[in-house]
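Bear in mind that the values in this text are calculations on the coordinates, not laboratory data. All figures in this text were calculated on a predicted structure; none of them were measured in a lab. When we count neighbours, we look across all protein chains shown, and the Cβ atoms used for this are built from the backbone with ideal geometry, even at glycine.
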Ligand SMILES: Nc1ncnc2c1ncn2[C@@H]1O[C@H](COP(=O)(O)OP(=O)(O)OP(=O)(O)O)[C@@H](O)[C@H]1O
């Protein structure tokens, strides 16, 4: 891996911001447009953290933009408060509080329902500003008379009045906002944000309390919008009521889409393109009302043909020029797998060391009229390797889902390491040392193998939630060791920097097991770890499972009986949701009931 220059992005941004007043005006940008680009670029950074990094599409940014701006403008025009920067900061805090309250409601739902709630909330704020709160907000007149910013240095006061001074003020705050956001996306918190975007259910199952992460990002995005609102009031000397309009939210979404979501620089490029084009169509081409139509068509074309936005386009051009590819796609070496080293790979300590690590009584799950599991009694000892078999539809996966607390049982109890976990959530279960690898891979596809393993390890090392938004990843103690020893164990050391989407199927299956392992479980459930593998991959994976099993308790579901019987000490057979029989592999192979179940079932694989 090539060594990266620290703070390169910040340095280049600083240079670009210094160059802007010399480059953009000759290209037709007015001072007001340049300042608006800075403001929308900043609001867009907050939105990008929410949408581009965390996958939450919100149309509610206008509510916070208006709230922050209106609060600052109110302080500066209706009270004796005169400190402009402090007023903007107070507006930002109020926007953050509004973000907290809205987030508590909106984040109860996901996807399109979340987006629709934010639309409704933007409309509610717009109505509030115009009607019940008109006395404070000026209603349709807004709040005029907002002073320009100044900086008191004791012996003198700098006024930000001229075009260049105003630009310096806005560019400074844009830079601060960008530097904070860059730090945030490089932090452990930032990696969990991407995990939520890629696969929220897996992030939850790996032990992250994703609701709290989402809420914090929602508040941060609201604060960026609120700060931008305050800057707008200062720039215009007036807080316009239309800041609250839904169109403002729409513009932020469109600017980010044009520039490229998940890049932080995209919103700035997008706002520059959007604002320049709208100026150009209105003032240079004098298109009248048609400018919106033309701009709409340009937007559609840009989004359709530049799927990763302008930033994506520039990155592609850069890679073409220097002859590199963004993705690493090194082929898997045919031989010489690195030797698995379990040295640094820990597992959570248990309260007890002997007896049953897991004990299930009367476990039942009904889906409507279907009894997926009925009255199952089951127990596994500490350090045991147990196999579970059964024909298709026997209820094996449902049983695992209940054991890991992913699905609530209809009745029955589950005890893990001496405590009742029947009503526990999947996140908490993982945090106390119980997790599973999935039958169908549940990976973070657009991230690298290293990032995938880090996401897992972070849940173990930091707990289910930590607001370490500005912490450097290097400061998380034990992270590198945990990631590297897991990668060695699942034979993926040579693929650590490959994107998961580029992995071969067998590699993905091993990473699936690696994700579960990196949480350091004391009881690991493996749901069909050999599914879909070639004969060669199976041999390799069985060897891998043997090395994982040392010092750990495993329960493995698989249809490949030969491999499974080679691995496990005892086997539990399920049929039609019920426990059919339990015994050693030899007893199970020769059991007439089992043979009948399989001959009557789909596989007939016991021979
Ligand atoms: N979410 C669900 N909603 C309704 N029915 C379900 C649901 N999940 C499982 N079932 C039903 O419960 C029964 C058991 O399914 P389950 O997936 O647990 O079986 P399995 O033994 O894991 O099967 P396979 O070996 O094919 O993976 C099936 O009849 C299935 O259709």
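Before moving on, here are some points about what is shown:
- Under the criterion of Cα pairs below 8 Å and six or more residues apart, the relative contact order for the stretch 1-159 equals 20 percent.
- For the stretch 443-520, the square roots of the Cα gyration tensor eigenvalues, ordered a ≥ b ≥ c, give a/c of at least 1.5 with a/b greater than b/c, which places it in the prolate category.
- FRET efficiency, 1/(1 + (r/R0)^6) with R0 25 Å, evaluated for residue 307 and residue 109 via beta carbons: 0.40
- Taking other C-beta atoms within 10 Å as the exposure proxy, 157, 422, 248 rank 157, 422, 248 from fewest upward.
- Against the main long axis of the alpha-carbon atoms of the chain, helix 8-23 sits at an angle near 20°.
- Whole-number percent relative contact order across the chain, with pairs defined as alpha carbons under 8 Å at least 6 apart: 17
- Annotation: the residues 242, 502, sorted from fewest to most other C-beta atoms within 10 Å of their own C-beta, follow the order 242, 502.
- Radius of gyration, Dmax [the chain; alpha carbons; angstrom]: 28.7, 96
- Folded to 0 to 90 degrees: helix 266-279 orientation relative to the chain principal axis, Cα: 40
- Restricted to Cα atoms, the stretch 493-607 shows a radius of gyration and a Dmax of 15.7, 50 angstrom.
- Cα-based helix-to-principal-axis angle, 61-78 vs the chain, degrees rounded to 10: 40
- Span from the the stretch 502-534 Cα centroid across to the the stretch 461-483 one, whole angstrom: 23
- Look at the Cα gyration tensor of the stretch 1-102: its axes a ≥ b ≥ c give a/c of at least 1.5 with a/b at or below b/c, and that counts as oblate.
- A quarter of the convex hull surface defined by the alpha-carbon atoms of the stretch 24-181 gives 11.3 nm² as the mean projection.
- A Förster distance of 45 Å, applied to the separation of the beta-carbon atoms of residue 445 and residue 11, puts the FRET efficiency at 0.90.
- Distance distribution note for the stretch 139-298: the fraction of Cα pairs above 24 angstrom is 51%.
- Computed [θ] at 222 nm, helices only, for the chain once each DSSP H run of length n ≥ 4 contributes -39500 (n - 2.57): -16500 deg cm²/dmol
- Ordering of 307-315, 17-25 by packing [mean C-beta count within 10 Å, highest first]: 307-315, 17-25
- Whether the stretch 144-208 is rounded, prolate or oblate, judged on the alpha carbon gyration tensor where a/c under 1.5 counts as rounded: prolate
- Once the Cβ-Cβ distance of residue 172 and residue 353 is raised to the sixth power relative to R0 = 51 Å, the FRET efficiency obtained is 0.30.
- Here 423, 366, 356 are placed in order of increasing Cβ neighbour count within 10 Å, fewest first, which gives 423, 366, 356.
- Mean Cα-pair separation over length for the stretch 443-520, i.e. relative contact order, pairs under 8 Å, 6 or more apart, %: 51
- When both the stretch 390-437 and the stretch 282-314 are represented by their alpha-carbon centers, they are found 51 Å apart.
- One decimal place: the segment residue 375-residue 93 gains 96.2 nm when fully extended, by the rule 0.36 nm per residue minus the C-alpha distance.
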